[in-house]
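We did not get these values from a lab; they are worked out from the coordinates using the rules stated. Note that the structure is a prediction, hence the values are computed from the model and not measured. Cβ placement follows ideal geometry from the backbone for every residue including glycine, while neighbour counts extend to all protein chains displayed.
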């Protein structure tokens, strides 16, 4: 483990998601000499730069320079930097070590990966992480929850001792830190795999391989929780070196007989031949079948970790959901406004529409944005069947989405195309009827109009709450 005091560290990518922000602050505290380089200009990184104001950091913005890489004792790569970056290849060619936040973090834990519960997946990983963290906090109030949550894991290191459970949400990009160190969490889960980030991965199999890193280096006494109902995960299971723990929205049978499953309305944990009802699905405060699946994964993770059924049930009954994920913002004039800005892929937007359609007089959907090379045909079909009106946001994916909606017979649902969220929400407010829902669930990334999906959701909340 490198002593970072006085080492020349290049933070490769500052970004606006917090991926480089916490790393830079932590490295300063270690006494390192920091240079931050990012292709974005200062005005595009202002929120991150403001958070680092006053710290002894050199910035190279709007470009990358060879000398900064050559002069570095260590490069710390932001997860947003593609693994194919020519600068990473340049670093390898010049034998300059490259780390990421998660590899720096795990190797400095008192017990390393042995105390980590890691959660990844296309959908539901944030909710599952926070559900699991809430359960473990009942067992150990010192439990740490971090990772892909705009919370820097490194900055929490001084709060962690050998008995502290650490629950990490891990994106596929963050998982790219683990192969070099050959580490995987002791207890891990993949919630599901659906097409996403195909602008960063060759195809769905390549994307699934990135998710599988979470269990790739497990030992036989480690645990991987997999969703039996998700076909890509069923295909991956044979590669898992640890103990597979299944979850399912149906009763588990045969080779997948042990784990967490739904039996009617009962959420059940079966382990080593003994089955026990944990709680009733109707006791969950978060709506939707997808949240039942998230709860089953949290039950499995917490159970193999050692939480009691009572701790699990009490925490899940109190769990109220996550901001920006099917988040109720306000009811005004008989219309409910829902912020689902983190639906950055078509599959996530489909889940939101199907969750709210049965209980609403109609849905006015705000969708569209930046492209991730994804297929919108199924989302368009669901929109044509279950949405009353569609308001589109500017972005390089929106033409494709609009074309698919028209092709699915939904031409009459299209209300307008906006390059300003304020005007889009105002238009939604004008046409929404009593008992309907205005749903921001874009099915696309946010870049172009917004710094990230969280800014998009924050703006939506502000606009909705400022209206009459």
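A compact table of results
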quantity: Antiparallel DSSP beta bridges within the chain, percent to nearest 5; calculated: 25 percent
quantity: Rounded, prolate or oblate (a/c below 1.5 giving rounded, otherwise prolate when a/b exceeds b/c) for region 1-128 by Cα gyration tensor; calculated: rounded
quantity: Whole-number percent relative contact order across region 103-318, with pairs defined as alpha carbons under 8 Å at least 6 apart; calculated: 21 percent
quantity: Region 267-330: relative contact order as a whole-number percent, Cα under 8 Å and 6+ apart; calculated: 33 percent
quantity: Rounded Å value of the spacing that divides the Cα centres of region 160-175 and region 128-152; calculated: 9 Å
quantity: Contact order normalised by residue count of the chain, Cα under 8 Å, 6+ apart, percent; calculated: 11 percent
quantity: Förster-model FRET efficiency, 25 Å R0, residue 70 and residue 43, C-beta, rounded to 0.05; calculated: 0.35
